[in-house]
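Before any comments, here is the structure.
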Amino acid sequence: MTETAAGSSQGRPANKSTKPVKPGFFARMALFFRQVIGELRKVVTPTRKELINYTIVVLVFVAIMMAIVTGLDLAFGKAVLWIFGGSGPTEQ
């Protein structure tokens with residue numbers, strides 16, 4: 001007979017104490033803050049030239065997106081007026 005067959009034939013339940021122990025609240029918070037500090041140490045601050053370059057790129061991107069959204073808004077507005085016959089307010 002194998003060990004597992006012999007062990008299970010004794011009629012007692014298997015030992016379930018092999019479940020990993022979950023650390024307490026304060027231990028988890030301490031681990032979290034250690035990991036945050038470790039990640040913050042990896043952050044590289046951009047130079048002034050890089051910061052100006054990034055700012056210009058963002059502003060140009062926002063301006064382009066504003067132009068696209070404005071163009072689409074005008075186009076859809078004209079299309080809705082054309083479809084539904086927006087001839088202005090009617091007299092009563």
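Read-outs throughout are calculated quantities, based only on the coordinates presented, and are distinct from any laboratory measurement. Here the structure is a predicted model, which means the values were calculated and not measured. Please note: Cβ atoms are built from the backbone with ideal geometry, for glycine as well, and neighbour counts cover all protein chains shown.
Does residue 69 fit the bill of being without any contact (Cβ under 8 Å) to a residue 12 or more places away in the chain and either in a loop (DSSP other than H, G, I, E, B) or in contact with a His (Cβ under 8 Å, 6 or more places away or on another chain) (or both)?
no
In the set 37, 56, which member is assigned to a helix (DSSP H, G or I), exposed (fewer than 10 other Cβ atoms within 10 Å of the Cβ) and free of Cβ contacts under 8 Å to residues at least 24 places away in the same chain?
The conditions single out 37.
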